[in-house]
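Inspection log for the structure reproduced underneath, given as structure tokens.
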Amino acid sequence: MPHKPYDGVVYDLDGTLVDLAVDWGAVAADVEAVYERAGVDPDGRSLWDLLGAAREEGLFEQVNAAIADHEREGARTSRRLSTADELAALDRPAAVCSLNCEDACAVALETHGLSAHVERVVGRDTVDTWKPEPESLLAAVDALGVDPSRAVFVGDSLRDREAAERAGVDYVDVR
């Protein structure tokens with residue numbers, strides 16, 4: 001954690017607090033199958049491109065459900081990371097902002113005894129956009145009742161860093 005005093009901390013989940021045990025190749029295959037059953041060619045797009053296009057294809061609920069099934073199971077068998085110890089010892093409000101679904105985040109937090117330390121979870125299905133768009137991070141910061149300039153986002157990816165920059169929130173990379 002940086003030296004600047006923050007009023008609230010928001011954490012990414014996967015790769016920051018826990019490592020979800022998810023076979024992302026199997027997830028992509030399941031999402032492609034959702035598209036194919038709907039008569040829409042997945043056209044070799046990546047999993048995250050398919051998720052991004054799911055709303056306009058009218059497939060968001062089915063695509064999100066397919067991904068969420070894998071994430072919930074991966075949350076149950078996830079590995080706790082050292083940053084989770086920092087969260088557990090934190091003396092200020094904390095939230096989670098993740099590209100994973102809200103339910104999988106809750107399962108992972110419960111599995112690792114972290115639920116009581118988190119005031120709000122914002123997943124990809126909580127708001128209409130997801131990282132790197134700032135909406136989800138700002139929703140998490142708002143739930144803590146702190147100004148974005150007095151919050152820090154702890155994550156592990158360029159997507160996390162970009163979301164923080166767009167939201168006007170300081171960023172710390174755990175890598």
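In a simple Cβ point-charge model (Lys, Arg +1; Asp, Glu -1; nothing else charged), region 24-75 has a dipole of about 80 debye relative to its Cα centre.
Modelled this way, with points 7 Å down the Cα-to-C-beta line, the labels at residue 77 and residue 116 are 2.9 nm from one another.
Between 89, 153, 44, the Cα set farthest toward the positive side of the dipole of the chain (charges on each charged residue's Cβ, about the Cα centre) is that of 89. Round to the nearest 10 and give me the degree value, 0 to 90, for the angle of helix 158-167's Cα axis relative to the longest principal axis of the chain. Roughly 60 degrees, rounded to the nearest 10. Look at 115, 98, 78 and count the other Cβ atoms within 10 Å of each Cβ; fewest to most, that gives 115, 78, 98. The listed peptides 163-172, 9-18, 40-49, 60-69, ordered by packing as a protection proxy, come out as 9-18, 163-172, 60-69, 40-49 (highest mean of other Cβ atoms within 10 Å first). Taking the square roots of five times each eigenvalue of the Cα gyration tensor of the chain, the equivalent ellipsoid has semi-axes of 29, 17, 13 Å, listed largest first. Near residue 161: Cβ cut-off under 15 Å, other residues only, Lys/Arg at +1 and Asp/Glu at -1. The net charge is -4.
To the nearest ten degrees, helix 24-37 and the longest principal axis of the Cα atoms of the chain are 40 degrees apart. Helical runs (DSSP H, four residues minimum) scored at -39500 (n - 2.57) apiece and divided by the length of the chain put the mean residue ellipticity at 222 nm at -13000 deg cm²/dmol.
Note on the chain: dipole from Cβ charges, positive end direction compared against 104, 17, 78; the farthest Cα belongs to 17.
Where a number appears in this text, it was derived from the coordinates with a stated rule and is not lab data. Predicted, not measured: the structure shown is a model, and the values here were computed from it. Cβ coordinates were reconstructed from backbone atoms using ideal geometry, including for glycine residues, and neighbour counts include every protein chain displayed.
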